[in-house]
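Asks: The structure is given below, and queries will be raised subsequently.
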Amino acid sequence: MKLLVLGAGGQVGQELLRAGWPIGWQVTGHRRAETDLADAAALKAVILDSRPDIVVNAGAYTAVDRAEGDRDACFAVNATAPGVIGTAADAVGAAVIHYSTDYVFDGNGTGGRAEEDPVAPLGVYGASKEAGERALRAATDRHVILRTSWVFAAHGSNFVRTMWRLGAERAEMRVVADQRGCPTSARSIAQATVRIARAIAEGRAAWGTFHFCGAPATSWAGLAEAVFAEMARRTGRRPNLVPITTAEYPTPARRPANSVLETGRIQAAYGILPPDWRADLAVVLDEATAGASPAGGERTA
């Protein structure tokens, strides 16, 4: 079984390359320097030439605020590339696993969003990801779209790493408390992907769009509080956390107030349960702080 991972340098991409794939599978990762998702011709060529059985698209333009002023670049990667991937994969008989986001929803209401709920993205990033979903669906029926949320890992740019760094520097942290969602580790996303890929290889695939995220739901302030609790346990330091409103922390891009996703469909189709993000957080921080000083800064030679 040949599997091609695009966007292998990102948070999820790196976890995919070190995931527990079945013995005998050939897993090849392409970082942006090797295959730029914005280069449609190169993207098509690498799939047609390598003829994988499964393409996993872990690449994305994820700078949510910068996307507001960089629409063309964002859409090239998030909206156009999935269609190119789907068309090329379909031509060689490959299936596609693609990641999307809670930001395709507007965040209204109090309950969790199901896969069939209407989409209404608030900003350029969300709109580009929703357009990418449509492009992939139009290109090939043999696809699995995983919408996930609030991704964190021991590497890359993410909220958990930012809170750890700033918490080590500041006595007080002001964090938004009126946006709710489901933190999800890149490691857990990779593990879920392995299970889906195995089902595809064994002819047990359930095609379509699925939600996968961590549990329980929390706020950004709740996630920050968990990070600071881990910091206190590990270093003895704990900044004072001040919950604030979205209005008190304006950003170029609007964020959904409610990013909670329902995960019943992926449980029924693949037997995949939502992971406890609190347990994943401890694992991620173990890795992220390995070799770090007590204050949380990385040692330098």
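Asks: Fewest Cβ neighbours within 10 Å first, please rank Met1, Met163 accordingly. Kindly include the intermediate steps, with their values, before the conclusion.
Replies: Working: Met1 16, Met163 24.
So the residues, fewest neighbours to most, are Met1, Met163.
Asks: Sequence gap at least 6, Cα distance under 8 Å: using those rules, report the relative contact order of region 175-241 to the nearest whole percent. Each step should come with its number before you reach the end.
Replies: Values: 51 pairs, mean separation 32.3, N = 67.
48 percent.
Asks: Each residue of region 125-137 in order: what ³J(HN,Hα) in whole Hz does its phi give by Karplus 6.51 cos²θ - 1.76 cosθ + 1.60, θ = phi - 60°, with x for Gly and Pro?
Replies: 4, x, 5, 5, 5, 5, 5, x, 4, 5, 5, 5, 4
Asks: Oh, and also: What percentages make up the Cα-Cα pair-distance distribution of the chain when the bins are 20 Å wide from 0?
Replies: Per 20 Å bin, starting at 0, the Cα pair percentages come out as 34, 58, 8.
Asks: Of Tyr61, Tyr270, how do they rank once you tally other Cβ atoms within 10 Å and put the fewest first?
Replies: On the way: Tyr61 23, Tyr270 19.
Result, fewest neighbours first: Tyr270, Tyr61.
Asks: If one computes the Cα centroid of region 75-91 and of region 176-199, what distance in Å separates the two points?
Replies: Using only Cα atoms, the two centres lie 22 Å from each other.
Asks: Any chance you could check the Cα centroid distance between region 103-168 and region 6-23 for me, in angstrom?
Replies: Between the Cα centre of region 103-168 and that of region 6-23, the gap is 19 Å.
Asks: Order 7-14, 70-77 from most to least packed using the mean count of other Cβ atoms within 10 Å. It would help to have the intermediate numbers written out before the result.
Replies: Details: 7-14: 24.1, 70-77: 17.6.
With the highest mean Cβ count within 10 Å placed first, the list reads 7-14, 70-77.
Asks: Quick check on packing: order 42-55, 243-256 by the mean number of other C-beta atoms within 10 Å, highest mean leading.
Replies: On the way: 42-55: 17.9, 243-256: 14.3.
Final packing ranking: 42-55, 243-256.
Asks: For the chain, what is the charge dipole size about the Cα centre, in debye to the nearest 20, if Lys and Arg each add +1 at the Cβ and Asp and Glu each add -1 at the Cβ? Kindly include the intermediate steps, with their values, before the conclusion.
Replies: On the way: 32 positive and 32 negative charges, 112 e Å.
So the dipole magnitude of the chain works out to roughly 540 debye.
Asks: At 222 nm, what helix-only mean residue ellipticity would the chain give, in deg cm²/dmol to the nearest 500, using -39500 (n - 2.57) for each DSSP H run of four or more?
Replies: Theoretical 222 nm ellipticity from helices: -11500 deg cm²/dmol.
No value in this document is a laboratory result; all are computed from the given coordinates. All values reported here derive from a predicted model rather than from experimental measurement. Ideal geometry is used to build each Cβ from the backbone, glycine not excepted, and the neighbour counts take in all protein chains shown.
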